[in-house]
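One structure is given below, encoded as structure tokens.
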């Protein structure tokens, strides 16, 4: 069986796995049936829409500039998503856009510039999607982690500033810890590739009839591409956030954590209940 030979009936038959997920949700009373149906339906519609759009964009008869326009749209959407998930950081939208642009420029620059892959629409769009898609989770993680460090470790950072350290040196250990935290999952994934799991790109190529050895070479290039892009985005965001968290006179700004007020409310309620229980 090849990827091209999968019929509509075969595609529908794969929906039985969604039914299995629904059955498990109902059996264990997880309350996730609606979310599972919505996720499956949304994924189907989105992929069909993207597939149709890609048919037009990566057509060999069309200019490659259409492919680069698609990449720009992906960068913009990823930056917007990152800024939405860490609203406390001022100017994160532009910073995230710069990070994704830098990652795409470095990663694609190496593969396309050195002739590893041909500069065509069918290579530019998928590779850029892998760069941005895999960098998104790590970028959001490092942004959220830095916000948490700046909030939870504020006294330590201010103590380091009081000892005469510059703002960047005072916050550097916490930035380093945040970047390490964001990079470790991708590093572990890279180490486990081929032993614990087979990556999607490699599986797709094999299903499409490509020789496994050739699929492995492509997958190795992709894994290195992703690792480099994740390291680039997290580093750019960390450096940029350091500049935004510090004032020109080396003081730590106070972040507005209002979007997370419900969590503090839960902690406050738990604390009250704990006091009441202790008083009984």
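The values are calculated or read from the model by the stated rules, or taken from the named source; none is laboratory data. Everything numeric here is computed off the predicted structure, so don't read it as measured data. Cβ coordinates were reconstructed from backbone atoms using ideal geometry, including for glycine residues, and neighbour counts include every protein chain displayed.
One table, with the values for the structure above:
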| read-out | value |
| --- | --- |
| Single residue of 123, 101 found to be surrounded by 13 or more Cβ atoms within 10 Å (Cβ to Cβ) and over 18 Å from the mean Cα position of the chain (by Cα) | 123 |
| Pick from the range 126-162, criterion surrounded by fewer than 15 Cβ atoms within 10 Å (Cβ to Cβ) and in contact with a strand residue (DSSP E or B) (Cβ under 8 Å, 6 or more places away or on another chain), ranking: nearest to residue 217 (Cα to Cα) | 154 |
| Yes/no for residue 116 being assigned by TED's automatic domain parsing to the domain that holds residue 172, more than 24 Å from the chain's Cα centre (by Cα) and closer than 23 Å to residue 189 by Cβ | yes |
| Filter result for the condition that a residue is over 18 Å from residue 128 (Cα atoms), touching a helix residue (DSSP H, G or I) at 6+ places or on another chain (Cβ under 9 Å) and in the same structural domain as residue 130 (by TED's automatic domain parsing), over 21, 79, 86 | 86 |
| Among (1) closer than 30 Å to residue 118 by Cβ; (2) free of Cβ contacts under 8 Å to residues at least 12 places away in the same chain - the single one residue 59 does not satisfy | (2) |
| Subset of the range 219-236 [free of Cβ contacts under 8 Å to residues at least 60 places away in the same chain and surrounded by fewer than 18 Cβ atoms within 10 Å (Cβ to Cβ)] | 220, 224, 227 |
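Here's the yes/no breakdown for (1) assigned by TED's automatic domain parsing to the domain that holds residue 248; (2) modelled with pLDDT under 90; (3) more than 30 Å from residue 57 (Cα to Cα):
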{"site": "103", "(1), (2), (3)": "yes, no, no"}
{"site": "112", "(1), (2), (3)": "yes, no, no"}
{"site": "125", "(1), (2), (3)": "yes, no, no"}
{"site": "194", "(1), (2), (3)": "yes, yes, yes"}
{"site": "198", "(1), (2), (3)": "yes, yes, no"}
